[in-house]
Amino acid sequence: MADGGRSTLSDLARALTIPLPTVHRLAVTLEAEGYIERQSKGCYLPGRELSRLLPMLGRAEDRVAMRLRRSLRHLARKHHVFMHFGVLEEGMVTYIVKENGGDEELFTQERMQLEAYCSGIGKILLAALPDKELQAYLDTGPFVPLTRRTLTDPAAIRQELENVRRDGMAFDRFEIRDDIFCVAVPVADPLGRVIGGLSASFIREVPSSRRLTLLRKAMQDVVREVVRAEFPVAQAADGTAGAAAIPDDFAS
């Protein structure tokens, strides 16, 4: 499960030198008890019961990343884009998940860090900061222009982040590289705390408004699905599960 549901039971049996039938029986039991759930043939992710215990184990960002991987791979291939999930660490964006949906390659790598002020995910994460923390970040400017379109003036960056809060999405309009256009949306826990950002990147292309609208909806649907799975909520009085909160700053 640590690799986002990519390893099969056969892989696990080989790694642990355990007979495959034994691993299969254990998986059947754990699935029946709700501790794991089938992701694809022979592959599993944490189930509802294990998800209740996971908050005590590791960072929420890493657990969400694990759940996101398969969905991001699907989105990348369906829309022919590069999908990323990243978090803010010491003023930089750390990319945790990258999935390629095309024939070309992009310079980004998992666990790589990039500047926040000029990337789609970075703008999402900066816009979610408390004002005092955001001002402290902006006070480190002016910032380095990576392309002729990069916003470098702190006041201009602040205005851009206000737009991100208003619209619930962020853009990198060829600001980090001359050949990359990016759209990003927030990933928030049920309390509305933004824990990461999800982005789709295009090489040498500005997508149409219709394509952006469809992609944004698909990204937000993935976020809702993953957040509900990762942060199980109490059942409502009528027996239906409550929905994860969407942060007010990013309501669209």
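The values are calculated or read from the model by the stated rules, or taken from the named source; none is laboratory data. Because the structure is predicted, anything quoted here is derived from the model rather than measured. Using ideal geometry, Cβ is built from the backbone for each residue, glycine included, and neighbour counts are taken over all protein chains shown.
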Self-check item: Criterion: part of a loop (DSSP other than H, G, I, E, B), modelled with pLDDT under 90 and under 14 Å from Ile195 (Cα atoms) - qualifying residue of Gly34, Gly102, Gly58
Solution: Gly58
Quiz item: So, in segment 67-78, of the ones that are touching a helix residue (DSSP H, G or I) at 6+ places or on another chain (Cβ under 9 Å) and buried (at least 20 other Cβ atoms within 10 Å of the Cβ), which residue ends up farthest from Val194 (Cα to Cα)?
Solution: Leu75
Exercise. Mind telling me which of the residues Ile180, Ile124 ends up being closer than 24 Å to His74 by Cα, among the hydrophobic types (A, V, I, L, M, F, W, C) and over 15 Å from the mean Cα position of the chain (by Cα)?
Key: Ile180
Quiz item: Scanning for something under 19 Å from Asp179 (Cβ atoms), touching a His at 6+ places or on another chain (Cβ under 7 Å) and assigned to a helix (DSSP H, G or I), does segment 116-127 turn up at least one residue?
Solution: yes
Quiz item: Does any residue of segment 79-98 turn out to be at pLDDT below 85, surrounded by 18 or more Cβ atoms within 10 Å (Cβ to Cβ) and either assigned by TED's automatic domain parsing to the domain that holds Asp139 or not small (Gly, Ala, Ser) (or both)?
Solution: no
Exercise. Mind listing just one residue for me: the one in segment 99-130 that is polar (S, T, N, Q) and over 20 Å from Gln159 (Cα atoms) and, of those, surrounded by the most Cβ atoms within 10 Å (Cβ to Cβ)?
Key: Thr108
Exercise. Only residues that are in contact with a Lys or Arg (Cβ under 6 Å, 6 or more places away or on another chain) and either at pLDDT 90 or above or over 20 Å from Ile96 (Cα atoms) (or both): list them for segment 194-252, please.
Key: Val226, Pro232, Ala244, Asp249
Quiz prompt | Subset of segment 3-23 that is surrounded by 14 or more Cβ atoms within 10 Å (Cβ to Cβ) and at pLDDT 75 or above - its residue that is nearest to the chain's Cα centre (by Cα) | solution = Thr8
Quiz item: Considering segment 181-193 alone, what residues qualify as being touching a strand residue (DSSP E or B) at 6+ places or on another chain (Cβ under 8 Å), modelled with pLDDT under 95 and either over 15 Å from Asp62 (Cα atoms) or among the hydrophobic types (A, V, I, L, M, F, W, C) (or both)?
Solution: Ala188
Quiz item: Condition test on Val164, is it surrounded by 13 or more Cβ atoms within 10 Å (Cβ to Cβ) and among the aliphatic types (A, V, I, L, M)?
Solution: yes
